[in-house]
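Asks: My questions will all concern the structure given below.
The values are calculated or read from the model by the stated rules, or taken from the named source; none is laboratory data. Just so it is clear, the model here is predicted, and its values are computed rather than measured. Here the Cβ positions follow ideal geometry from the backbone for every residue, glycine too, while neighbour counts run over all protein chains shown. The protein model used for the area step is the full one, side chains on, heavy atoms only, and it has no ligands, DNA or RNA in it. Shrake-Rupley method; radii C 1.70, N 1.55, O 1.52, S 1.80 Å.
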Amino acid sequence: MIYRDRYHLWCKIAPLSEAGIKVLKVMANDDDEMKSAFGAELQFGTAGIRGIMGLGTNRLNDFTVRRTAQGLAAWLTSTDLPHSCAIGYDSRHHSRRFAEICAVALAQEGVKVYVYHELAPTPMLSYAVRQLGCGCGIVVSASHNAGTYNGIKCYGPDGCQMTDEPAAIVYDKISQIPYFILPKKNFDDCLADGSVALIDAEMWENYYNTVLAERIATTPSNNLNLLYTPLCGTGNKPVREVLSRIGVNTDIVKVQEEPDGDFKTCEYPNPETDAALNESYKIARQTHPDLILGTDPDCDRVAVAVPEADGFRKLSGNELGCLLLDYILGELSAQGKLPENPVAVRSIVSTPLADKIAAKYGVKMKAVLTGFKYIGGEILALEEKHEEHRFVFGFEESCGYLKGTYARDKDAVVASMLTCDLAAKLKRDGMDLAQKMDQLYAELGYHEAKVISIELKGPNAMELSAKFMSDFRSNVPSKLAGVSVTEFTDYQSCVCKNMLTGEECAVTLPKSNVVTLVLGDKGSVIVRPSGTEPKVKLYLTAVDQNPGKAKDLLSRLGEAMNAFVP
């Protein structure tokens, strides 16, 4: 049994503290925990590595983190890219420690390292990579996962998350490195000799000014009363600073204001979920704000809820994306600032309602694979033609948004600013975000959407995920919920098939383990495995001019897809 061999090797040679030795001894009597910790090695991909913190080859710890950074250094120093790296980190347990471990590992291989002096949002790392001209970047974060998780997200020289080709090389480099190559010096030594430097505070001010330059409102938003929660993460400082500069009256959810790796008041700090805003709702019932806004721990995602007479209406990531798209295009058009041949970008799992909004303004909407790096890739393609000014907005349904080209990852800071400006504008017109969303639905059709996450358990969970995808491809339904499937697209084989005529055509997007079923003009079903967790995600969309019929179809689609769940 390989996991037992790995376990005994660590017991024998790992340079552990007394506490670590005790943890491994306890594991000797818990075979399930041993298999979970040693049954695999953390996989490095375009999202880096992510996992539960603890001892083991399948856990995030000093050894797996250092090995990852050593592999990244081996890749970077073999390229013609600048041998420099920027590092940021969030509020999770050990994030600062892991950032310092990465910095030392890179510095010892001749890489110049720049580290934020305090926790900073993921988009600020993407910004710093570009501003400092680095060959790569690292964010220590597990984004919106529970507090037991952490991760190492790696970025390329353009500020995008690492793409497939370099990620494969880094993974190969990592696999050749032993786990227990210890550092020759510590973080303070590297600071002293100049191989590691702290990022100057000026970077923060430059970032704020860059974000504020993306503002399209022409008046202060000082009529808006906002309740904000950073969910114990990195958004507290930058979001509040930017909102204060545009005049928003911001109240804070005090129990979630300070960094807290335990996330005691929000076990799963994912703003996609309604539960993430529970503490906000408690306060809002007393203070009656115009809007509730929350950002996730690394401040790249943002979600909002609108107080209503009988409670709160939390807008989905799709809905906020559509509202921001309509706002940006409408304001730029009215101001005569919409660029020639403008381009907006969404992920393939995001709502097609956005396409209809873009079409209203004569804007090209491009659909790309899931992962904000693909949106960043579209910006890079424009930049290479000196046409980056054509990019007007990018978003994905998982609450990620970007206006501007200063960063190449989703940015909750700029999205928070734009959202508050829109809410302030609507308030002056006697409306709120929810009412504006209903107005868009009435105009363009009701697009009801839902994401079903199928969680797979056990050490072979990733294999179960692969089997689910294979089985689904082998049993493509001709109908779902009584609606004919008109088109089937397999992004892995890069083939799109018309289910009515049998005609096939090539898909031009990169290969990806995703399949899509189109139900004519009634909606779609998209199936894909998570890239970072043992999950399969089902993205359901139902469309109708009647809201009740759209909701009914969505419910029936969910029931139909449950038949495929193992």
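Asks: Can you list the trypsin sites (Lys or Arg not before Pro) in region 318-377 that are in a DSSP coil and have 15 or fewer other beta carbons within 10 angstrom?
Replies: Those satisfying the criteria are LYS337.
Asks: Further, regarding this structure: Mind giving me the nanometre distance, one decimal, between the label points for ALA563 and CYS11, set 7 Å out from Cα along Cα→Cβ?
Replies: Label at ALA563, label at CYS11, 5.0 nm between them.
Asks: Tally Lys and Arg at +1 and Asp and Glu at -1 over the other residues with C-beta under 14 Å from the C-beta of PHE187: what net charge comes out?
Replies: 0
Asks: Shifting gears a bit: Pick out, from ASN186, LEU418, ASN498, the residue whose Cα sits farthest towards the positive end of the charge dipole of the chain, with +1 on the Cβ of Lys and Arg and -1 on the Cβ of Asp and Glu.
Replies: The residue sitting farthest along the positive end of the dipole is ASN498.
Asks: While we're looking at this one, here's another question. Looking at region 501-566, which GluC sites (Glu not before Pro) are in a loop (DSSP not H, G, I, E or B) and have at most 14 other Cβ atoms within 10 Å?
Replies: Here the GluC sites (Glu not before Pro) that fit, given the DSSP loop and packing criteria, are GLU503.
Asks: Once each part is reduced to its C-alpha centroid, what is the distance from region 112-158 to region 325-372 in angstrom?
Replies: A separation of 28 Å, based on Cα centres.
Asks: Could you calculate the FRET efficiency of LYS237 with LYS282 from 1/(1 + (r/R0)^6), where r is the beta carbon distance between them and R0 is 30 Å, rounded to 0.05?
Replies: So, using R0 = 30 Å, E works out to roughly 0.80.
Asks: Filter the cross-link list LYS337/LYS364; LYS360/LYS535; LYS366/LYS537 down to pairs whose alpha-carbon distance in this structure exceeds 26 Å.
Replies: LYS360/LYS535
Asks: How much length would be gained if the chain were fully extended between ASN498 and GLU384, taking 0.36 nm per residue of separation minus their Cα-Cα distance, in nm to one decimal?
Replies: 37.6 nm
Asks: Enumerate the amide H contacts of LYS364 below 5 Å, restricted to partners 5 or more residues apart or on another chain; note that Pro and chain-start residues carry no placed amide H.
Replies: ALA344
Asks: Let me ask something additional. For region 219-227, just list the computed ³J(HN,Hα) in residue order, Karplus coefficients 6.51, -1.76 and 1.60, θ = phi - 60°, integers in Hz, with x standing in for Gly and Pro.
Replies: 10, x, 9, 7, 8, 9, 9, 10, 10
Asks: Rounded to the nearest 10 Å², what accessible area does TYR268 show when all protein chains are kept and the probe is 1.4 Å?
Replies: My reading of the accessible area for TYR268 is about 80 Å².
Asks: Follow-up. Under a 1.4 Å probe, what is the accessible area of the chain per residue, stated in Å²?
Replies: Heavy-atom SASA per residue in the chain reads 40 Å².
Asks: Can you count the Lys pairs in region 380-488 whose Cα atoms are under 27 Å apart, with each pair 8 or more apart or on different chains?
Replies: Lysine pairs, 8 or more places apart or on different chains, close enough: 17.
Asks: At 7 Å along the Cα-to-beta-carbon direction for both SER78 and ARG97, put a label point, then send me their distance in nm to one decimal.
Replies: Going by the 7 Å Cα→Cβ label model, 3.1 nm.
Asks: On the full set of protein chains, 1.4 Å probe, figure out the accessible area of PHE44 and give it in Å² to the nearest 10.
Replies: 20
Asks: Sort VAL368, VAL451 by heavy-atom solvent-accessible area, probe 1.4 angstrom, most to least.
Replies: Sorted descending by solvent-accessible area, the residues read VAL451, VAL368.
Asks: Given axes a ≥ b ≥ c from the Cα gyration tensor, I'd like to know whether region 197-239 is rounded (a/c under 1.5), prolate (a/b larger than b/c) or oblate.
Replies: Oblate shape, in that a/c is at least 1.5 and b/c is the bigger or equal ratio.
Asks: Determine the dipole magnitude for region 419-566: charges of +1 sit on the beta-carbon of Lys and Arg, -1 on that of Asp and Glu, nothing else is charged, the reference point is the Cα centre, and the result goes in debye to the nearest 20.
Replies: Charge dipole of region 419-566: 240 debye, to the nearest 20.
Asks: Also: Using amide H atoms built 1.01 Å from N in the peptide plane, name the residues 5+ places from ILE199, or on other chains, whose amide H lies under 5 Å from its own.
Replies: VAL115, TYR116, HIS117
Asks: Could you give each residue of region 468-478 its phi-based ³J(HN,Hα) in whole Hz, using Karplus coefficients 6.51, -1.76, 1.60 with θ = phi - 60°, and x for Gly or Pro?
Replies: 4, 5, 5, 5, 5, 4, 7, 9, 5, x, 8
Asks: Hand me the tally of lysine pairs in region 110-261: alpha carbons under 30 angstrom apart, and the pair either on different chains or 8 or more positions apart.
Replies: Lysine pair count for region 110-261: 13.
Asks: Counting Lys and Arg as +1 and Asp and Glu as -1, each charge on the Cβ, what is the dipole of region 454-506 about the Cα centre in debye, to the nearest 20?
Replies: Taking the Cα centre of region 454-506 as origin, the dipole is about 160 debye.
Asks: Right, next: Along Cα→Cβ, 7 Å out, is where each label goes; now give me the distance between the ones at ASP30 and GLU202 in nm to one decimal.
Replies: Here the modelled spin labels are 5.0 nm apart.
Asks: Please identify every one of the GluC sites (Glu not before Pro) in region 275-348 that sits in a loop by DSSP and has no more than 13 other beta carbons within 10 Å of its own beta carbon.
Replies: Passing sites in region 275-348 are GLU340.
Asks: Another question about this same structure. Quick one: pull the percent of accessible area on the chain belonging to carbon and sulfur, 1.4 Å probe, ligands and nucleic acids left out.
Replies: Roughly 49 percent of what the probe reaches on the chain is carbon or sulfur.
Asks: Beyond 34 Å, how much of the Cα-Cα pair distribution for the chain remains, as a whole percent?
Replies: The calculated P(r) of the chain puts 41 percent of pairs beyond 34 Å.
Asks: Where a ≥ b ≥ c are the square roots of the eigenvalues of the C-alpha gyration tensor, would you call region 461-566 rounded, which needs a/c under 1.5, or, failing that, prolate if a/b is larger than b/c, or oblate?
Replies: Oblate, because a/c is 1.5 or more while a/b does not exceed b/c.
Asks: With a 1.4 Å probe and all protein chains in place, put VAL495, VAL536 in order of accessible area, largest first.
Replies: VAL495, VAL536
Asks: Further question: Accessible area of MET203, 1.4 Å probe, to the nearest 10 Å²?
Replies: MET203 has an accessible surface of roughly 20 Å² with all protein chains in place.
Asks: Under the 0.36 nm per residue contour assumption, what length would be gained going from the current alpha-carbon distance of ARG473 and ASN249 to full extension?
Replies: Here the segment from ARG473 to ASN249 would lengthen by 75.5 nm.
Asks: To the nearest 20 debye, what charge dipole does the chain have about its Cα centre, counting +1 at the Cβ of each Lys and Arg and -1 at the Cβ of each Asp and Glu?
Replies: With only Lys, Arg, Asp and Glu charged at Cβ, the dipole is about 560 debye.
Asks: Moving on. Net charge near VAL514, counting Lys/Arg +1 and Asp/Glu -1 over other residues with Cβ under 13 Å of its Cβ?
Replies: The answer is +3.
Asks: Return the FRET efficiency for the residue pair GLN176, GLU340: r is the Cβ-Cβ distance, R0 is 56 Å, and the value is rounded to the nearest 0.05.
Replies: The computed FRET efficiency comes out at 0.65.
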